[in-house]
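Have a look at the structure below, then the notes.
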Amino acid sequence: EAEVAQSPRYKITEKSQAVAFWCDPISGHATLYWYRQILGQGPELLVQFQDESVVDDSQLPKDRFSAERLKGVDSTLKIQPAELGDSAMYLCASSPPYGSGPPTDTQYFGPGTRLTVL
Amino acid sequence: AQSVTQLGSHVSVSEGALVLLRCNYSSSVPPYLFWYVQYPNQGLQLLLKYTSAATLVKGINGFEAEFKKSETSFHLTKPSAHMSDAAEYFCAVSPNTGTASKLTFGTGTRLQVTL
């Protein structure tokens, strides 16, 4: 069964350093999402891509966060500089393209990257 | 704006007992509703979803949920809890637009199953 891949699974960094997370969605999935999940809370959307275009980045702290999906396949989320409050689980999800058959409403999640900022 | 409220951040049941996790939604448009499960240090796995078809939805691992528009609820149930059901459960909502849309999650309910 195809899965969403994420790396690294765990990352420890010091504040003010730069970090990057990678996500490879399920093959053929046009929509890719990055969510942030703070301990004890539900995930919150940071950015949504449709192919290589950003659809929604209204909750992305653009002064320090950036996301790209250059070829419309895999994606990178970067934080520079990291702050203590960025400690969280970063989840990537993908969903099939509209009209492809499988419902576009279902999002498939990767295992996440747990970030600890010291 | 859409939102979901999960009543009870922690629920404890005995093995073999009924599991009931509560979720109420708020939406100005017909919603899609989802239940996801998360095990420690893992991603989210879809349990079941409501997308305007049958109001009683059956999912994986023996779970089911019923969409009740009059009560704006989508509670998750399982007749008999198993130790392996211990996890965090999230209710989520997205707009019924037919295209890919973000999920808005509740704060989660941690299910504990005791012997």
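Overview of values
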quantity	calculated
Most positive-pole-ward Cα, A:Thr31, A:Ser16, A:Val55, against dipole of chain A from beta carbon charges	A:Ser16
Relative pair counts by distance (%), Cα atoms of chain A, 5 Å bins	2, 12, 23, 26, 19, 11, 5, 2, 1, 0
The range A:30-35 - phi-based ³J(HN,Hα) in whole Hz, Karplus 6.51/-1.76/1.60, Gly and Pro as x	7, 9, 10, 10, 10, 10
Which of A:Phe109, A:Ala93, B:Leu7, positive extreme of dipole for the protein assembly as shown (C-beta unit charges)	B:Leu7
Per-selection Rg to Rh, the protein assembly as shown - Cα, Kirkwood hydrodynamic radius	0.97
Given charges at beta-carbon only (K, R positive; D, E negative), |dipole| of chain B in Debye	240
Share antiparallel - DSSP beta bridges, chain B, percent rounded to 5	90
Over 24 Å between alpha carbons, listed pairs A:Lys15/B:Lys102; B:Lys68/B:Lys102; A:Lys62/B:Lys102; B:Lys49/B:Lys102; A:Lys15/A:Lys78	A:Lys15/B:Lys102
Sites B:Thr55 and A:Ile38, calculated FRET efficiency, Cβ-Cβ separation with R0 45 Å, nearest 0.05	0.85
Inter-site label distance for B:Thr5 and B:Lys68 at 7 Å from Cα along Cβ, in nm	1.5
Share, in percent, of DSSP beta bridges within the range A:1-116 that are antiparallel, nearest 5	90
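Computed from the coordinates by the stated procedures, all read-outs in this text should not be read as laboratory data. Computed from a predicted model, the values in this text were never measured in an experiment. Using ideal geometry, Cβ is built from the backbone for each residue, glycine included, and neighbour counts are taken over all protein chains shown.
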